[in-house]
Amino acid sequence: MSAAMATSAVVALPVGQAAAVPPGNYAYVLNFDNDNVSVIDTATNTVATTIPVGDGPQGVAVNPAGTRVYVVNTLSDNVSVIDTATDTVTATISVGDHPYGVAVNPAGTRAYVVNLSSENVSVIDTATSTVTATVAVGNQPFGVAVHPDGTHAYVTNEVSDSVSVIDTVSNTVTATVAVGNQPFGVAVHPDGTHAYVTNGDDDSVSVIDTVSNTVTATIPVGQQPIWVAVKPDGTRAYVVNASSDSVSVIDTVSNTVTATIPVGAFPFEVAVHPNGARAYVVNEQGDDVSVIDTATNTVTTTIPVGDTPRALAVTSVGDVEVPGDPVPTELQLKAAKKKGSKGNKTLTLIAQLTAEGQPLQGETITFTTDDTTLCTGTTSAQGQATCPVHSRQDKHACYTATFTGDDTYQANIATICPHSGDKKDKEKQPSGLRTADNVFTSALSPTGP
């Protein structure tokens, strides 16, 4: 299939005297009904600014350098190019009819825009902000991802139930891979060996071997999976299930779902922080973003954004010191029993949080039992936080202390069952936790689950 050359209209826009964006990590969230982009500072989980773009922003991608964000405007048939140094639109590029997905190659020289109604892909030269080729693909293409070596682009065709494999040198389709019903999202593993495709009508993910271009596994997930993202270390894939308001976490070695995380209303897309510690999910009907701790597979915060958010991308902007994995922590939990003056017994939970053998001060610890929050505490200079437990608590109850972590320190959980004394009770103790004198501790690995 020959690539058809196409002309495009590009409108240069004045930058003006826009203020410089502080170096950091930012999430660019597309608000479909507001025709703008909410920029979230991931260090504070707050919206730092809002950028007007085209009509009905639907797809987004960032170049590898983090200097340009490409926003696909579905209803105005164009792409807004954002300069991340100033968070302003510097160019608008006309593409095909009803564009949806977009991806940038590893070199940052080409952007690939999927046009749903035109049933083709516009290839943009990022140096000139012009369309240099148009590649015909399947029926109603939706998502696109580029191989890590830049040689191929993978396009999901929603009605054809297939994936078109584009040779990026010749701009021709060299293979068509049959997948499940109504494929939407696609992501390629960082090592380039596999591509993951969400099948909206099948509630599954097809795993494609990129060498043979065949489906080697099909993984059941939640209802109506739309988007998928792979963790930078390649160990996990995150799938948003729109109709079940959840995220399925896939172990990419075993191709099995190892966790299901409840998120907001009708999640539409997911992106992973560059350091892999957080995943960000846009909830279309909730008008917010769920932030997932990838070590504990829990939502740690929810960030309000604009109306009908449908896409997001996370990137480093400016001269940012690239962190390694969050520092591993150790969390110990013990229970101190005391008999009161009236003969009643009281129980105090004592958690101690350390990193590399040193106490962590000023961190929040949440104490729970059977999913009920008892209290929260802030760690002292000795790394300790305490929680008094009501004397009428079930004598067989187990208690959990949770540290949600951040970009610097890894999350951790510890559980204790202070009244477990016989063999039967000990068999019920949580697995994977070390015990010593009724003290349960957990030290998660640096990579997390």
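The values are calculated or read from the model by the stated rules, or taken from the named source; none is laboratory data. Remember, predicted model here, so these are calculated numbers, not experimental data. Quick reminder, even Gly has a Cβ in these numbers, built from the backbone with ideal geometry, and neighbours come from all protein chains shown.
Taking the criterion of being in the same structural domain as residue 146 (by TED's automatic domain parsing), modelled with pLDDT under 90 and under 23 Å from the mean Cα position of the chain (by Cα), would at least one residue in the range 41-58 satisfy it?
To start, the set of residues in the range 41-58 that are in the same structural domain as residue 146 (by TED's automatic domain parsing) comprises 41-58.
Then drop every residue that is not modelled with pLDDT under 90, which leaves none.
Within the range 41-58 (the criterion being in the same structural domain as residue 146 (by TED's automatic domain parsing), modelled with pLDDT under 90 and under 23 Å from the mean Cα position of the chain (by Cα)), the answer is no, since none of the residues qualifies.
Looking at the range 200-216 only, could you name the residues that are surrounded by 16 or more Cβ atoms within 10 Å (Cβ to Cβ) and not hydroxyl-bearing (Ser, Thr, Tyr)? Quick ask: steps written out before the conclusion?
Going residue by residue through the range 200-216, those that are surrounded by 16 or more Cβ atoms within 10 Å (Cβ to Cβ) are 200, 202-208, 210, 213, 215.
Answer for the range 200-216, where residues must be surrounded by 16 or more Cβ atoms within 10 Å (Cβ to Cβ) and not hydroxyl-bearing (Ser, Thr, Tyr): 200, 202, 203, 205, 207, 208, 213, 215.
Just give me the residues in the range 247-274 being without any contact (Cβ under 8 Å) to a residue 60 or more places away in the chain, of a type in the set (Ser, Thr, Tyr) and outside any strand (DSSP E or B), in sequence order. Talk me through it step by step, then tell me what you get.
So in the range 247-274, the residues without any contact (Cβ under 8 Å) to a residue 60 or more places away in the chain come out as 247-248, 250-251, 253-257, 260-268, 270, 272.
Okay, now just the ones that are also of a type in the set (Ser, Thr, Tyr), so 248, 254, 256, 260.
The one that is without any contact (Cβ under 8 Å) to a residue 60 or more places away in the chain, of a type in the set (Ser, Thr, Tyr) and outside any strand (DSSP E or B): 254.
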Name the pairs: first residue in the range 27-55 and among the small types (Gly, Ala, Ser), second residue assigned to a loop (DSSP other than H, G, I, E, B), Cβ to Cβ under 6 Å, at least 6 apart or on different chains?
27/42; 38/305; 38/306; 54/76
Extreme residue, surrounded by the fewest Cβ atoms within 10 Å (Cβ to Cβ), among residues of the range 19-40 that are at pLDDT below 95 and of a type outside the set (A, V, I, L, M):
22
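Regarding the range 206-223, can at least one residue be identified that is at pLDDT below 95 and not charged (D, E, K, R)?
Narrowing the range 206-223 to residues at pLDDT below 95: none.
Among the residues of the range 206-223, not one is at pLDDT below 95 and not charged (D, E, K, R), which makes the answer no.
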Here the qualifying pairs (Cβ atoms under 6 Å; residues six or more apart or on different chains; first in the range 219-246 and within 25 Å of residue 274 (Cβ to Cβ); second small (Gly, Ala, Ser) and part of a loop (DSSP other than H, G, I, E, B)) come out as 231/276; 232/276; 233/276; 241/222; 246/222
Please find, within the range 101-120, the residue that is surrounded by the most Cβ atoms within 10 Å (Cβ to Cβ) out of those that are closer than 18 Å to residue 69 by Cα and either among the hydrophobic types (A, V, I, L, M, F, W, C) or outside the structural domain of residue 200 (by TED's automatic domain parsing) (or both).
114
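Report whether or not residue 96 is buried (at least 16 other Cβ atoms within 10 Å of the Cβ), outside any strand (DSSP E or B), under 25 Å from the mean Cα position of the chain (by Cα) and modelled with pLDDT of 95 or more.
On the way: buried (at least 16 other Cβ atoms within 10 Å of the Cβ): yes; outside any strand (DSSP E or B): yes; under 25 Å from the mean Cα position of the chain (by Cα): no; modelled with pLDDT of 95 or more: yes.
Here the answer is no, as residue 96 does not meet what is asked.
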